[in-house]
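The values are calculated or read from the model by the stated rules, or taken from the named source; none is laboratory data. Predicted model only: the values in this text are computed from it and were never measured. Because the Cβ atoms are built from the backbone with ideal geometry, glycine has one as well, and the counts that use them run over all protein chains shown.
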Amino acid sequence: MEAFSTEDRARIAAQGLTVEEVERQAALLRDPPPAVKLLRPCTAGDGVTRIGEEEHAELLALAAEAARAGRLSKFVPASGAASRMFEFLARDPDHPDARRFRDNASSFAFDPGDLPALLALPKGLLPFHRYAGAVRTPFEEHLVEAAATVRDAAGVCRVHVTVPPGHRAAFEAVLEGARPRLEGETGARFEVRFSEQAPSTDTVAIDERGALFRDSEGRLLFRPGGHGALLKNLAESGGDVVLVKNVDNVVPDDLRAPTILWKRLLAGCLVRLERTSTRMRPLRVCGVVRNEGEPGGGPFWVRGPRGETRQIVESAQVDLANPGQAAIFRAATHFNPVDLACSLRDASGRPFDLPRFVDERAVFIAKKTHEGRTLFALERPGLWNGAMALWETVFVEVPKETFAPVKTALDLLRPEHRPRRQT
């Protein structure tokens, strides 16, 4: 067991943590939990539901009823940095990707000549799409999407956006600048709340000897705990039926119809599930797309604390050195695009205590460096992985037209990010 100085204890308390929690995290790092036990992929008819057109009217009516009653809201994790989208430019300037970026400079909604300023932006505030007389950031595109999916009877759209530290004012400025135009175009009224990842969700790391990692001044190092840390933000959003989607998965207006349809259908599926479930646990309906080789996790049947359950599983959770487990993982037929409808209240309308439904051992451990030294970092159970492991889960197949992520700037050259009505 680690010996903590008075300074250590003060630093732990200032972080909003306890010595016991730090010791628990260190124990997980020194003795990592076993890998997820995959049983088989979730496939159509075996864990993945396909919605027929004959069901649309019922599900859309349920979603519309919930929206009018003010039950729906939108939650957008937007803490990522735009700099990751331009990492390919740091490689060989004659690399084909770098040449393609330069050759298509006029096609972007941003000015590539402003690269230093662009690198300092959160991804949510990078101009994505050019329209006649205006450009929109993904944050603004999410507002437009909210107007078509979560608007209540009074026209109010409730949106909660998580932002990186130090950038809240920039998001607020974009909101106030865009509000008159977007509210005029959509007829909606936006109620937007911003939050940051809480310091109490940060985690410790260990060094190569297994001791808690300390910086060059001997202070305990705390690092952001990954997207699973946003469970606290989700719980504190006050939402009832909450639609969750990554900030970069947006499309321009004239390509948005499939997205709107399927967000409403997922919400309708969730409301229908509420009516048939015992609602002893939070509920989620997860849209999944056909697997076409995108990197990331997917839906699987796993053996866990509650027996055989459906889970979203990432490659980092699987023992890929085990040929049988690797074969099951490669056999996935569907991919997780992060397109969720979540029910956060019980049948009496009381919010669930979401931390009670986390698989605390479903952590991620990553090898990193700090000040030139190797460390092993702990990430909390992922928001849609271990953080929701004990939820009641339904997977629904959604069309690929609803999934248009932007991982690098070159993705913005794809047809799904090129509005047909441009200047």
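State which residue is farthest from residue 333 (Cα to Cα) when the search covers only the range 296-318 and only residues that are touching a Lys or Arg at 6+ places or on another chain (Cβ under 8 Å) and at pLDDT 90 or above.
303
How many residues are farther than 15 Å from residue 83 by Cα and either free of Cβ contacts under 8 Å to residues at least 40 places away in the same chain or buried (at least 23 other Cβ atoms within 10 Å of the Cβ) (or both) when one looks only at the range 104-128?
2
Given the options 321, 267, name the one that is out of contact with any Cys (no Cβ under 9 Å at 6 or more places or on another chain) and either modelled with pLDDT under 95 or closer than 21 Å to residue 33 by Cβ (or both).
Result of the check over 321, 267: 321.
So the check is Cβ under 9 Å with 6+ separation or different chains; which pairs have a first residue in the range 229-246 that's without any contact (Cβ under 8 Å) to a residue 60 or more places away in the chain and a second one that's β-branched (Val, Ile, Thr) and crowded, with 23+ Cβ neighbours inside 10 Å?
none
Is it the case that residue 287 is modelled with pLDDT of 95 or more, part of a strand (DSSP E or B) and out of contact with any Cys (no Cβ under 7 Å at 6 or more places or on another chain)?
yes
Any idea which of (1) without any contact (Cβ under 8 Å) to a residue 60 or more places away in the chain; (2) under 23 Å from residue 353 (Cβ atoms); (3) touching a strand residue (DSSP E or B) at 6+ places or on another chain (Cβ under 8 Å); (4) not hydrophobic (A, V, I, L, M, F, W, C) is the one residue 277 doesn't satisfy?
(1)
On the basis of being of a type in the set (A, V, I, L, M, F, W, C), at pLDDT 95 or above and in a helix (DSSP H, G or I), does residue 326 make the cut?
yes
Quick grid of which residues meet (1) among the charged types (D, E, K, R); (2) at pLDDT below 95; (3) part of a helix (DSSP H, G or I):
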{"site": "38", "(1), (2), (3)": "no, no, no"}
{"site": "55", "(1), (2), (3)": "yes, no, yes"}
{"site": "58", "(1), (2), (3)": "yes, no, yes"}
{"site": "63", "(1), (2), (3)": "no, no, yes"}
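Return the residue satisfying two criteria in turn: it lies in the range 67-103 and is among the hydroxyl-bearing types (Ser, Thr, Tyr) and surrounded by 18 or more Cβ atoms within 10 Å (Cβ to Cβ), and of such residues it is farthest from residue 191 (Cα to Cα).
Restricting to residues being among the hydroxyl-bearing types (Ser, Thr, Tyr) and surrounded by 18 or more Cβ atoms within 10 Å (Cβ to Cβ), the top hit is 79.
Rundown of residues vs (1) touching a strand residue (DSSP E or B) at 6+ places or on another chain (Cβ under 7 Å); (2) touching a residue at least 12 places away in the same chain (Cβ under 8 Å); (3) within 19 Å of residue 84 (Cβ to Cβ); (4) surrounded by 15 or more Cβ atoms within 10 Å (Cβ to Cβ), yes/no style:
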| site | (1), (2), (3), (4) |
| --- | --- |
| 337 | yes, yes, yes, yes |
| 340 | yes, yes, no, yes |
| 352 | yes, yes, no, yes |
| 370 | no, yes, yes, yes |
| 386 | no, yes, no, yes |
| 391 | yes, yes, no, yes |
| 406 | no, yes, yes, yes |
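Report every pair of residues separated by at least 6 positions or lying on different chains whose Cβ atoms are under 7 Å apart, first residue within the range 15-34 and within 15 Å of residue 229 (Cα to Cα) and surrounded by 12 or more Cβ atoms within 10 Å (Cβ to Cβ), second modelled with pLDDT of 95 or more and of a type in the set (Phe, Trp, Tyr).
15/222
If you check residue 142 against the conditions, is it assigned to a helix (DSSP H, G or I), at pLDDT 95 or above and out of contact with any helix residue (DSSP H, G or I) (no Cβ under 6 Å at 6 or more places or on another chain)?
Answer is yes for this residue.
For the structure I just gave you, tell me whether residue 203 is closer than 27 Å to residue 24 by Cβ, among the hydroxyl-bearing types (Ser, Thr, Tyr) and within 27 Å of the chain's Cα centre (by Cα).
yes
For the subset of the range 195-231 comprising residues that are of a type in the set (A, V, I, L, M, F, W, C) and surrounded by fewer than 18 Cβ atoms within 10 Å (Cβ to Cβ), which member is farthest from residue 158 (Cα to Cα)?
211
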